[in-house]
Amino acid sequence: MTDYVGDVVGAARSATQSTPLVPIALAGGMDRVLIRDTIEVVTAFAQNDRISLGKLPSKAVINPVSSVIWFDDMGTSVTMDVGSTASENALVAAQDVATAAGSCLFYKSVDVAKFCKPLWEVLGLSADPGGTIEIFAKLEGADPGTGTITWQIIGQERL
């Protein structure tokens, strides 16, 4: 029988050091609310308008279960992408927001292999730009009607 350890925390703990350092964003740390906000979408919104969900540290490790976007009926054939300017649908791709009282995970379209990665890697950037990265939700498919979008992003910065 073979025992395996995780690639991130397990590997660091298995290192030859007697007390290997593991970033608190990966083990032993407490997640916190990085952003929690809401917006009332009004008739002035048009197709492809963007909502800034906030600026997150490029090294943030996002909690893939607790980070959620909620929405109510945005109108027939309206979808939502979430990502950065460099990759507009890296986090959420074509989420149907045409039905009332829906929600999706902030990392809905992210491969599970990237869940422990810093935000810049999740977004597919080739190098850490440092500082913060602005995240947008983009409403597509048709002119959105009125409605509410609320979000919370939970995690912590990886040191």
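Per 0.36 nm of contour for each residue apart, how much would the distance between A142 and A94 grow if the chain were fully extended, relative to their Cα-Cα spacing?
Difference between extended and current length: 16.1 nm.
Please report the net charge: other residues with Cβ closer than 12 Å to the Cβ of A94, K and R +1, D and E -1. If you can, show how the numbers build up before the last one.
Working: positive: K108, K138; negative: D81, E88, D96, E140.
My count for the surroundings of A94 gives -2.
Given a Förster radius of 25 Å and the C-beta distance between I39 and A113 as r, what FRET efficiency does 1/(1 + (r/R0)^6) yield to the nearest 0.05?
In this case the efficiency is close to 0.20.
Which ³J(HN,Hα) values in Hz, rounded to whole numbers, follow from the phi angles of the stretch 91-104 under the Karplus curve 6.51 cos²θ - 1.76 cosθ + 1.60, where θ = phi - 60° and Gly and Pro get x?
Karplus values, whole Hz, x for Gly and Pro: 9, 9, 10, 6, 5, 5, 10, 8, 9, 6, 6, x, 7, 8.
Test of understanding: what is the full-extension gain from M30 to A46, defined as 0.36 nm times their sequence separation minus their Cα-Cα distance?
Numbers: separation 16, 0.36 × 16 = 5.76 nm, distance 3.88 nm.
Gain in length upon complete extension: 1.9 nm.
Tell me the net charge near L53. Cut-off is 10 Å between Cβ atoms, L53 excluded, with +1 for each Lys or Arg and -1 for each Asp or Glu.
Summing Lys/Arg as +1 and Asp/Glu as -1 gives 0.
What does the convex hull of the alpha-carbon atoms of the stretch 31-157 project to on average, in nm²? Kindly include the intermediate steps, with their values, before the conclusion.
Numbers: hull surface 27.4 nm².
Dividing the Cα hull surface by four gives the mean projection, 6.8 nm².
Read the figures in this text as sums done on the coordinates, not as results from a lab. Everything quoted here is computed from the prediction, not taken from an experiment. Reconstructed Cβ throughout: ideal geometry from the backbone, glycine too, with neighbour counts over all protein chains shown.
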